[in-house]
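What follows is a short report on a single structure.
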Amino acid sequence: MSEPLNPEQLRSFTPLNVLSEQQWRELRSQLVPQHLLAGQLLFRQGDQARTTYYLLSGELLLCGVDGQEERLQAGTAVSCHPLSPSLPRLHEARALSDASVLALDSATLGRLLTWRLAYQDLLLELAGNGEDTEWLERLLENPLFTKVPPANVRAMLERLHPIDLPADSRVLVEGESGDCCYFLKSGRAEVIRGADSARQVLAELEIGACFGEEALLSDQPRNASVTMIEAGVVLRLDRQDFFSLLKAPVVDEVSFGEAARLLGNGAQWLDVRLQDEYERSHAQHSLNMPLQLLRLKTRLLDKGKTYLCYCDSGKRSASAVFLLSQLGFSAYALRDGLDALPPIQRDALLCESGPGYLARSGGRTERSH
């Protein structure tokens, strides 16, 4: 199998040349050349696969809908642009010699480019003022921020309060109420649940990580503690600013009718209540993934699916949608939860013992009782 290409080998390709180092790392698994034999077809006219192709080596023949032919040689100015980018394809592409191409998922590439162009001016402005922008760049590359308007990000930056913390200091304490969230600007921190013999390290936070938001969204006590492993700086964002600048554009809510339409297009219910609540009644064919376990179990979810999250009041499902958005999933919350549904809709949605699925450790999904 070929080794992935490095960014320096791809800097001549447009618009790949505007991507950041972090974005190149996100694309790394796709940066493997696809080899073609002379005469082999790459794509046909009318092809609608959402793939962006670049010619790396060799020669291709492009045949247009009008029968006009164009020979494309690697290394030329024309070959530095995507091959027949319009969908459906306007050309057939066939290798005239042994060749290689780079095939990138168009949706992923589009997301990265949109982010880069939307925030490039802001990052340049901050860098010009002598500020370290690494933490912000890494924060903004979170899929969550594809939904946050640049104006909101600018306003958020003005309202962040920096706090210098020594090693071993606690930023969050499990069980306390939450009135803010934080971003890690520098240093290292870890997320811990429990104490003494029950103490469990859940994760180490990376620069740019957002934490503490789950207590705000669910209006519940902190479900874990966060401790600095080494000295660093955290940035505090107050509750009101979090809701107006981040939660509002990120957490998409749908009505029962809109949820039914999405289900018809392949979406799946995701019940984020406790297992006991789920087993008393749940939506048929829904997957149970309690909110407190969601971050640990998202590996069981499919990023190609749309998830419809529900709970009783809508608060836990809002938390779930925010978390799933951070991880690059498509998700919606049932507006105001099950409690807001009229009895006829609630009865239509919930069943006492219909098909359901529980997400288990080890990657297993099993039928509920």
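The values are calculated or read from the model by the stated rules, or taken from the named source; none is laboratory data. It should be emphasised that the depicted structure is a prediction, and the values quoted were computed from it without experimental measurement. No Cβ is skipped: glycine too gets one built from the backbone with ideal geometry, and neighbour counts run over all protein chains shown.
Values as computed for the structure displayed
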| quantity | calculated |
| --- | --- |
| Residues within segment 1-35 that are over 25 Å from L139 (Cα atoms), touching a strand residue (DSSP E or B) at 6+ places or on another chain (Cβ under 7 Å) and assigned to a helix (DSSP H, G or I), tallied | 0 |
| Boolean, R316 is crowded, with 18+ Cβ neighbours inside 10 Å and assigned to a loop (DSSP other than H, G, I, E, B) | no |
| Failed item in (1) touching a residue at least 24 places away in the same chain (Cβ under 8 Å); (2) of a type outside the set (S, T, N, Q); (3) outside the structural domain of L16 (by TED's automatic domain parsing), with H91 passing the rest | (3) |
| Any hit, segment 36-48, residues being buried (at least 18 other Cβ atoms within 10 Å of the Cβ) and part of a loop (DSSP other than H, G, I, E, B) | no |
| Test: residue in segment 230-238 that is modelled with pLDDT under 95, more than 21 Å from L338 (Cβ to Cβ) and basic (K, R) | no |
| Given (1) surrounded by 15 or more Cβ atoms within 10 Å (Cβ to Cβ); (2) closer than 24 Å to C181 by Cβ; (3) not aromatic (F, W, Y), number of the condition Q240 does not satisfy | (1) |
| Every pair of residues 6+ apart whose Cβ atoms lie under 7 Å, when the first sits in segment 1-28 and is hydrophobic (A, V, I, L, M, F, W, C) while the second is surrounded by 13 or more Cβ atoms within 10 Å (Cβ to Cβ) and assigned to a loop (DSSP other than H, G, I, E, B) | L5/L31; L5/P33 |
| Residue match in segment 332-346 (condition: at pLDDT below 90, surrounded by 16 or more Cβ atoms within 10 Å (Cβ to Cβ) and of a type outside the set (A, V, I, L, M, F, W, C)) | no |
| Pairs with Cβ under 7 Å, 6+ apart, first in segment 230-249 and closer than 21 Å to A333 by Cβ, second surrounded by fewer than 21 Cβ atoms within 10 Å (Cβ to Cβ) and among the acidic types (D, E) | R239/D179 |
| Residue that is surrounded by the most Cβ atoms within 10 Å (Cβ to Cβ) [pool: residues in segment 1-23 that are small (G, A, S) and within 15 Å of L56 (Cα to Cα)] | S12 |
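Conditions (1) at negative phi; (2) in contact with a helix residue (DSSP H, G or I) (Cβ under 6 Å, 6 or more places away or on another chain); (3) not aromatic (F, W, Y), marked per residue:
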site: L36; (1), (2), (3): yes, no, yes
site: G39; (1), (2), (3): no, no, yes
site: Y53; (1), (2), (3): yes, no, no
site: S57; (1), (2), (3): yes, no, yes
site: L60; (1), (2), (3): yes, no, yes
site: E69; (1), (2), (3): yes, no, yes
